[in-house]
Amino acid sequence: MILLIEDEPGIVDFVKRGLEAEGFAVEAVLDGAEGERRALQESFDLIVLDLMLPGRDGLEILGSLRQAEVTVPVIVLTARGEIEDRVAGLDAGAVDYLVKPFSLAELAARVRAQLRLAAQAPTTSLRVGDIEVSLLTREVHRAGEPVRLSSTELDLLVHLMRHRGQVLSREEILSTVWGYRHDPQTNVVDVYIGYLRRKLGTPENPAPILTVRSVGYRLDDAS
Ligand code: CA
């Protein structure tokens with residue numbers, strides 16, 4: 001069951017009908033406070049969350065979910081140009097975001113990707129070298145020190161860790177972590193690899209993410 005929290009009836013109708021046509025069950029809530037209450041009290045597989053909402057805005061809802069340690073994947077909907085909001089949304093624990101207007105195919109692909117990632121989590125923690133990830137609390141440690149990652153960075157790291165020692169192509173990473181088909185225009189994988197390297201690495205202890213020229217990336221498991 002997917003919870004859709006969105007106050008624009010046109011978008012609610014579009015998303016609800018579109019996702020239902022893809023085989024998903026969708027509950028729509030048009031008010032932020034009501035959406036927050038249901039997100040905290042009920043168990044949803046995924047939440048599609050608008051940022052600008054009456055009652056309680058999307059970022060406040062994300063904050064409440066994080067505080068209550070609700071680990072449901074969230075896809076945030078933002079208006080074009082809300083760059084700061086998008087960054088704040090990712091920092092607040094959103095899994096992914098979509099800029100309005102978005103296509104239904106794009107949303108459905110993201111939903112499927114996030115549900116697939118969530119379903120792949122039978123183990124509770126991963127460790128490669130000195131990098132440790134708790135899949136329950138989504139906390140990351142490197143050499144015992146906490147590392148703060150956005151949800152997408154964490155999903156990328158988890159994917160690399162599950163395939164430690166293997167060379168993963170950009171296309172493969174893009175489709176698994178972001179749910180996209182191959183798009184030669186996007187460099188989002190390279191950008192996020194850069195974020196991960198910066199957050200995980202120090203001058204003395206660089207992140208063990210190796211670039212495999214003209215192919216992709218590999219998480220080195222030798223360290
Ligand atoms: Ca809105």
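The values are calculated or read from the model by the stated rules, or taken from the named source; none is laboratory data. Everything numeric here is computed off the predicted structure, so don't read it as measured data. Using ideal geometry, Cβ is built from the backbone for each residue, glycine included, and neighbour counts are taken over all protein chains shown. Protein only, heavy atoms only, side chains kept; ligands, DNA and RNA dropped before computing areas. Shrake-Rupley method; radii C 1.70, N 1.55, O 1.52, S 1.80 Å.
Some notes on this structure:
- Distance (nanometres) between label positions extended 7 Å along Cα→Cβ at Ala21 and Gln120: 2.9 nm
- For the chain, accessible area per residue (1.4 Å probe, heavy atoms of protein chains only), Å²: 49 Å²
- In this entry, the range 125-219 is assigned a mean projected area of 5.9 nm², taken as a quarter of its C-alpha convex hull surface.
- Among beta bridges from DSSP that stay inside the chain, the antiparallel ones total about 50%.
- The chain: translational diffusion in µm²/s, Stokes-Einstein, Kirkwood Rh over Cα pairs, 10 °C, 1.306 mPa s: 88 µm²/s
- Using only the C-alpha atoms, the convex hull of the range 2-120 corresponds to 91 Å³ per residue.
- Taking the accessible area of the range 111-223, probe 1.4 Å, and keeping the other protein chains in place, the carbon and sulfur fraction comes to 50%.
- To put it simply, the accessible area of the range 1-67 at a 1.4 Å probe is 48 percent carbon and sulfur.
- By the helix-only formula, in which each DSSP H run with n ≥ 4 contributes -39500 (n - 2.57) and the sum is divided by residues, the chain has a 222 nm mean residue ellipticity of -12000 deg cm²/dmol.
- Between Arg197 and Thr211, the contour length at 0.36 nm per residue exceeds the Cα-Cα span by 3.9 nm.
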